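**Q** Just dropping this structure here.
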Amino acid sequence: MAALLLAPGRPAAASGDGDVSVGGEHILTVRFPAAGMTIKQRADTITERLATILSDPSLKPEDIVAVPLGNGEAKITVKDRLLVTVDKQTAKFNTTTPLALAQAWTTHLRKVLPEVNVKPNPNDTAPPAGGQKGPSHG
């Protein structure tokens with residue numbers, strides 16, 4: 001069960017434990033604990049899913065879809081891999097339905113994920129091709 005708030009382009013107002021960011025881009029914010037996990041644990045799980053999803057160099061916007069679930073909830077998948085489930089509580093928090101919220105998040109994710117998928121990892125310290133190490137930022 002997911003309780004998230006997607007805030008495109010802006011960081012969370014809370015402590016930041018629920019922030020999910022990739023490639024320097026804020027993806028979404030987990031607002032509520034659920035399924036026995038803390039906000040931070042849930043955000044970490046989504047971040048791990050994103051790492052797997054973004055390891056696919058052929059990611060396209062149309063690979064990201066909102067799917068209705070039979071229990072009145074919805075989920076967002078990327079190439080049939082679960083990214084996040086949108087529950088009734090989260091939808092109510094955002095004054096909408098789970099499917100409508102999942103569709104809104106999907107629109108944002110279709111713009112952001114393919115962009116961050118092609119960006120180099122800022123934590124990568126391997127020397128670039130040619131054997132020279134890039135500038136140091138310490």
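**Q** Those residues that are farther than 19 Å from Gly18 by Cα and among the hydroxyl-bearing types (Ser, Thr, Tyr), I need them from region 78-105; list them, please.
**A** Thr95, Thr96, Thr97
**Q** Which pairs turn up if I take residues in region 61-73 that are within 14 Å of Gln103 (Cβ to Cβ) and look for partners that are polar (S, T, N, Q) with beta carbon separation below 7 Å, at least 6 apart in sequence or on another chain?
**A** Sorted first by the residue in region 61-73, then by its partner, the pairs are Ile64/Thr106; Val65/Thr77; Val65/Thr106; Ala66/Gln103; Ala66/Thr106; Val67/Thr77; Glu73/Thr85.
**Q** Now, a different point. Starting from region 23-38, take each residue that is under 25 Å from Glu115 (Cα atoms) and touching a residue at least 60 places away in the same chain (Cβ under 8 Å) and list its partners that are among the acidic types (Asp, Glu) and in a loop (DSSP other than H, G, I, E, B), counting only C-beta distances under 6 angstrom and pairs at least six apart or across chains.
**A** Hits for this filter: zero, empty list.
**Q** Does Val78 qualify as being in contact with a strand residue (DSSP E or B) (Cβ under 8 Å, 6 or more places away or on another chain), farther than 15 Å from Val116 by Cα and surrounded by 15 or more Cβ atoms within 10 Å (Cβ to Cβ)?
**A** On the way: in contact with a strand residue (DSSP E or B) (Cβ under 8 Å, 6 or more places away or on another chain): yes; farther than 15 Å from Val116 by Cα: no; surrounded by 15 or more Cβ atoms within 10 Å (Cβ to Cβ): yes.
Against the criterion (in contact with a strand residue (DSSP E or B) (Cβ under 8 Å, 6 or more places away or on another chain), farther than 15 Å from Val116 by Cα and surrounded by 15 or more Cβ atoms within 10 Å (Cβ to Cβ)), Val78 does not qualify.
**Q** OK, next. Let me confirm something: among Ala91, Ala102, Ala126, which residue is modelled with pLDDT of 90 or more and not polar (S, T, N, Q)? Walk me through how you get there before you give the answer.
**A** Details: Ala91 fails: modelled with pLDDT of 90 or more; Ala126 fails: modelled with pLDDT of 90 or more.
Within the list Ala91, Ala102, Ala126, the selection yields Ala102.
**Q** With the requirement that a residue be farther than 16 Å from Val30 by Cα, surrounded by fewer than 20 Cβ atoms within 10 Å (Cβ to Cβ) and either in contact with a His (Cβ under 7 Å, 6 or more places away or on another chain) or not small (Gly, Ala, Ser) (or both), what does region 64-75 give you?
**A** Val65, Val67, Pro68, Leu69, Asn71
**Q** Are there any pairs, at least 6 apart or on different chains, whose C-beta atoms fall under 9 Å, with the first in region 87-109 and acidic (Asp, Glu) and the second surrounded by 17 or more Cβ atoms within 10 Å (Cβ to Cβ) and at pLDDT 95 or above, and if so, which?
**A** none
**Q** Take region 2-32 and flag every residue that is closer than 21 Å to Arg110 by Cα, hydrophobic (A, V, I, L, M, F, W, C) and either at pLDDT below 80 or over 13 Å from the mean Cα position of the chain (by Cα) (or both).
**A** Passing the criteria: Ala2, Ala3, Leu4, Leu5, Leu6, Ala7, Ala12.
The values are calculated or read from the model by the stated rules, or taken from the named source; none is laboratory data. Values in this document were obtained by computation on a predicted structure and should not be read as measured data. Here the Cβ is made from the backbone with ideal geometry for all residues, glycine too, and neighbour counts use every protein chain on show.
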